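Q: I'd like to ask some things about the structure below.
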Amino acid sequence: MIELSRLSMDYRIGDESVNVLDDLNLSVEAGERVAIVGPSGSGKTTLLLLLAGLEACRRGDIRINGVALGDLDADGLADLRRDHIGIVFQSFHLVPSLTALDNVALPLEIAGRSEARLRARAMLAEVGLETRGRHYPSQLSGGEQQRVAIARALVHEPSLLLADEPTGNLDAHTGERISRLLFDLQSRIGTTLVLVTHDNSIARRCDRVLRLHDGQLSDGEVGGGDALSR
């Protein structure tokens, strides 16, 4: 599903170049669940943005399901995200002027799917929000907004789901409910999952845990030194 080869990325801050990713290599199988952990500022979110084609790497090759992102123009990358990638952000990123139902239906409507609203209603029911479809994001709790965001990310049954700190803005109890929902839906759909997290309990649910540090990925350890990579 994912093949990264000699991936490098840096940013310029004033006159200084800050190296974030350095000749990084990674292979992820279809249906696999991979957690990326590491200190703040290590480049975890940057890696997800590169996988989504929302940023371009300085050097290296990114292939999603055999497609080289470097060969695609802006329209091609947008089509790839529309058809094959779902994204869950820490800050939800719902469209404030749209209802919950409209937010979930949006990816399907952009794709011209005639059954967009019907499928959106079904997905809202999957996340337990069938009675909240007419509510706007400002009328929903943080946990409800994140459930809407998960429904939107999965409504088109993408082959790849990218999640950036999906419980980072939630209290512990709500975060546990959201993570359980996320993994249940991911397992049912069979989507490949790559997530960034500081939450050890979420990382433990994944098939592999990788630590990003000094621009490189290595087998990770979470909580009390227990190695979780397989």
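Q: Which value, in debye to the nearest 20, gives the size of the charge dipole of the stretch 1-127 about its Cα centre, when Lys and Arg are +1 and Asp and Glu are -1 at the Cβ?
A: 380 debye
Q: Also, I was wondering about something else. Taking the Cα atoms only, what angle lies between the long axis of helix 74-84 and the longest principal axis of the chain, rounded to 10 degrees?
A: 60 degrees
Q: Taking a probe of 1.4 angstrom, what is the accessible area of residue 126 in Å², to the nearest 10?
A: 90 Å²
Q: Mean separation of Cα pairs under 8 Å and 6+ residues apart, divided by the residue count of the chain: what relative contact order is that in percent?
A: Relative contact order, the chain: 27 percent.
Q: Let me ask you something else. For the chain, with every protein chain kept in place, what is the accessible area per residue (1.4 Å probe, Å²)?
A: Heavy-atom accessible area per residue stands at 47 Å².
Q: Okay, next question. Report, in debye and to the nearest 20, how large the dipole of the chain comes out about its Cα centre when Lys and Arg carry +1 and Asp and Glu carry -1 on their Cβ.
A: 740 debye
Q: Computed over the Cα atoms of the stretch 1-123, what is the convex hull's projected area averaged over all directions, in nm²?
A: 9.7 nm²
Q: What's the ranking of 149-157, 49-57 by average number of surrounding C-beta atoms within 10 Å, highest first?
A: Peptide ranking by packing, descending: 149-157, 49-57.
Q: Taking the DSSP beta bridges in the chain as the whole, what percent of them are antiparallel, to the nearest 5?
A: 55 percent
Q: Hey, could you pull the Cα Rg and Dmax for the stretch 66-141, both in Å?
A: When restricted to the Cα atoms of the stretch 66-141, Rg and Dmax are 14.3, 43 Å.
Q: So, one more: Rank 179, 42, 97 by mean-square fluctuation in a GNM of the chain with C-alpha springs under 10 angstrom and give only the top-ranked residue.
A: 97
Q: Here is a further query. Taking the chain as the reference, fit the longest principal axis to its C-alpha atoms, fit the long axis of helix 100-110 to the helix C-alpha atoms, and give the angle between the two in degrees, 0 to 90, nearest 10.
A: That helix lies at roughly 70 degrees to the long axis.
Q: What figure, in Å² to the nearest 10, do you get for the accessible area of residue 32 with a 1.4 Å probe and non-protein molecules left out?
A: About 30 Å², ignoring ligands and nucleic acids.
Q: Something else now. Based on a Kirkwood Rh over C-alpha pairs, give the Stokes-Einstein translational diffusion coefficient of the chain at 10 °C and viscosity 1.306 mPa s in µm²/s.
A: The calculation lands on 88 µm²/s.
Q: As a test, work out the antiparallel percent of DSSP beta bridges whose residues both lie in the stretch 129-230, rounded to the nearest 5.
A: Restricted to the stretch 129-230, the bridges split so that about 55 percent are antiparallel.
Q: In addition: Calculate how steeply helix 142-154 sits against the longest principal axis of the alpha-carbon atoms of the chain, using the helix alpha-carbon long axis, and give the answer as 0 to 90 degrees to the nearest 10.
A: The answer is roughly 80 degrees.
The values are calculated or read from the model by the stated rules, or taken from the named source; none is laboratory data. Predicted, not measured: the structure shown is a model, and the values here were computed from it. Methodologically, a virtual Cβ is constructed for each residue, glycine included, from the backbone with ideal geometry; neighbour enumeration extends over all protein chains shown. Ligands, DNA and RNA are excluded from the accessible area calculation, which covers all protein heavy atoms including side chains. Shrake-Rupley method; radii C 1.70, N 1.55, O 1.52, S 1.80 Å.
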